[in-house]
Amino acid sequence: MSDPVLKVGDSLKDRARATLGSRNLILVGLMGAGKSSVGRIVAHQLGIPFIDSDVEIERVSRMTISELFAAYGEDEFRALETRVMKRLLKNGPRVVSTGGGAFINDRTRKHIKKSGLSVWLKADLDVLWERVSKRDTRPLLKTENPKQTLENLMNARYPIYAEADITVLSRDVRKEVMADEVLKAVIEAQTESTVP
Ligand SMILES: Nc1ncnc2c1ncn2[C@@H]1O[C@H](COP(=O)(O)OP(=O)(O)OP(=O)(O)O)[C@@H](O)[C@H]1O
Ligand SMILES: O=C(O)C1=C[C@@H](O)[C@@H](O)[C@H](O)C1
Ligand SMILES: [Mg+2]
């Protein structure tokens, strides 16, 4: 068989790694979908660097995301996010877990699409709510009815997340199971695109 990605006997991670080549794998989706926790495991499995854009933004600004929103507002945050993402995506392969709004921004989305394979971790409202309601570090959810806000964000954003190359259903299974599903989906996406 000529395609190294499809060699029988290679492990899941070897095949996914071969599929990725020098491209980045970028995880997108709403707050609580598991981008940071699943992305870290996927990167470990693939043996490539992991970067979380929220963490990188906090590192370069020496402020928390909440402080950035409070001091400069969402528009400035998005501009900084675009600059940071553009830099992070320059060198591949990497697994990059994004902040929930990164893929929604037109400029950031263009950089993501150009630099690799995007994976939408899609979750339903109850799964997301169960996870995000445990912490109050997300400025967009500091509203009177945060669950309703989350639902509004789902309605507005899901058509845009759907532009990702791959969609994986995020649900209440172990993070390692989710990571394996991401690897499988990467291989399947490649297989689909090579089948005439
Ligand atoms: N498969 C899972 N099963 C159980 N808990 C999970 C799972 N995936 C993530 N979590 C938990 O849900 C919370 C949110 O996950 P995580 O921070 O990875 O989401 P995120 O998509 O990066 O969110 P944000 O956009 O806010 O950064 C964390 O407490 C994490 O431990
Ligand atoms: O969904 C969003 O717009 C956000 C998600 C978080 O990851 C942070 O990037 C920030 O709180 C904004
Ligand atoms: Mg995260």
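The values are calculated or read from the model by the stated rules, or taken from the named source; none is laboratory data. Everything numeric here is computed off the predicted structure, so don't read it as measured data. Cβ sites come from the backbone with ideal geometry, for glycine too, and all protein chains shown count toward neighbours. When the accessible area is computed, the model is the full protein with side chains, heavy atoms only, and any ligands, DNA or RNA have been set aside. Shrake-Rupley method; radii C 1.70, N 1.55, O 1.52, S 1.80 Å.
Annotations
- Residues located in the stretch 40-55, provided they are within 8 Å of ligand 1 (Cβ to nearest atom) and open to solvent by less than 20 Å² (accessible area, probe 1.4 Å): ASP52
- Tally of residues being in contact (Cβ under 8 Å) with a residue 12 or more places away in the chain, under 30 Å from ARG17 (Cβ atoms), within 14 Å of ligand 1 (Cβ to nearest atom) and surrounded by fewer than 19 Cβ atoms within 10 Å (Cβ to Cβ) across the stretch 56-74: 1
- The residue of the stretch 20-39 that is farthest from GLU181 (Cα to Cα), among those that are more than 8 Å from ligand 1 (Cβ to nearest atom) and over 9 Å from the mean Cα position of the chain (by Cα), is SER22.
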